[in-house]
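Below is one structure; the comments refer to it alone.
Coordinate-derived values only; no laboratory data. All values derive from a computational prediction rather than experimental measurement. Because the Cβ atoms are built from the backbone with ideal geometry, glycine has one as well, and the counts that use them run over all protein chains shown.
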Amino acid sequence: MQSKCQSANTGEYVKENDSESTSKEIKTQIVFLVTTPMGKSFESIVQALGNKPPLSVPIDWMSHDNRALPQITSRVRFATHYALCLISREIWLDDSLTLLDKFKEAKFWDHPGDSTGSTSSGSSRSDRVQYDNECKCWPAEHIVEIDSAQEIGETTKPDKEVSKVYRTLRRGWIYLPLWWNCHDLAIRLAYLLVHASDAATNLLKTLLHFLQIARFNEVSGKFALTGFKIFVGGWTTCAGSAIAAALLGPLGPVVTAVGLTASISGWSLGFVSEMVNMARNSQRKNFETALEKRFPQLRLLHN
């Protein structure tokens with residue numbers, strides 16, 4: 001069975017028999033969000049803040065039962081990679097196929113991030129002209145890294161139209177690992193495909209809220225609380241700099257140097273990180289407003 005997504009190796013579209021392509025083009029596809037582990041660089045930051053990633057529930061990829069796939073809402077984590085996935089409704093409901101068979105026929109769209117890309121999606125920079133992470137098939141070794149998935153709804157948009165929306169979303173995207181990342185792109189792309197569904201809208205709004213809480217609990221909140229440990233308690237300069245850079249961006253090295261030079265007890269880091277929290281949240285709102293100019297329907301998701 002040949003899929004119409006891009007080959008993960010060549011980046012070229014693999015089309016089915018031309019005589020069938022017209023009838024196959026308009027079909028119903030299930031829209032999923034899937035999660036995979038983050039890259040080691042991001043995981044090291046999270047672990048340095050005292051978080052230990054929970055063990056993933058083993059997934060039986062040879063199962064024919066779709067319920068064997070854990071839902072994202074059952075274990076919301078911030079430090080995880082998000083991708084959008086489309087699977088033909090016909091394939092998803094075919095009980096003769098295993099979960100692995102079904103996801104081999106899936107197409108994936110995601111933001112690969114910068115230096116904190118996921119282990120599955122590969123890596124590229126957010127300002128690249130090429131869009132390497134659109135309509136791709138994932139090989140089996142990447143599929144089995146998926147640790148949860150959530151069915152969002154259905155779409156009849158053809159893959160090329162989905163890619164057009166994806167490219168419009170990514171145009172000028174300023175990737176911020178903690179504040180404007182793969183979660184934001186995948187969730188908004190899913191919404192644009194199924195926005196007519198009230199149930200999907202409520203689910204995605206809830207997921208955004210849960211991720212905001214998880215970001216504070218796993219990263220930004222702990223960053224302020226562990227300032228003393230970073231700068232006084234003997235943590236390495238390298239670890240402190242990496243964490244500061246992830247949270248504060250260009251200000252990270254400056255704040256790290258100030259904290260170390262002054263030998264202060266972490267109050268400056270806590271103060272600055274709180275100010276950055278406020279600034280970054282304001283920046284997120286600006287990003288959302290900019291996207292609403294391209295996609296007015298996003299206002300319902302953002303409000």
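Once you have the Cα-Cα distance between residue 71 and residue 94, take 0.36 nm times their residue separation minus that, and quote the gain in nm to one decimal.
Taking residue 71 through residue 94 to full extension adds about 6.3 nm, to one decimal.
Between residue 174 and residue 213, what is 0.36 nm times their sequence separation minus the Cα-Cα distance? Round to one decimal in nm. Numbers along the way, then the final one.
Details: separation 39, 0.36 × 39 = 14.04 nm, distance 2.19 nm.
Full extension of this stretch gives 11.9 nm more.
Work out the FRET efficiency for residue 284 and residue 161 from their Cβ-Cβ distance, taking R0 = 30 Å, and round it to the nearest 0.05.
Plugging the Cβ-Cβ distance into 1/(1 + (r/R0)^6) gives 0.65.
Please order 27, 102 by the number of other Cβ within 10 Å, starting at the fewest.
Values: 27 13, 102 21.
Least crowded to most crowded, the residues run 27, 102.
Could you check the spin-label model distance between residue 206 and residue 64? Points 7 Å from the Cα along Cα→Cβ, value in nm.
Result: 3.1 nm between the two label points.
Calculate one ³J(HN,Hα) per residue across region 60-66 by plugging θ = phi - 60° into the Karplus curve 6.51 cos²θ - 1.76 cosθ + 1.60, and present them in order as whole Hz with x for glycine and proline.
8, 6, 8, 6, 9, 9, 4
What's the center-to-center distance, using Cα atoms, between region 132-148 and region 63-81 in Å?
Centre-to-centre (Cα) distance: 15 Å.
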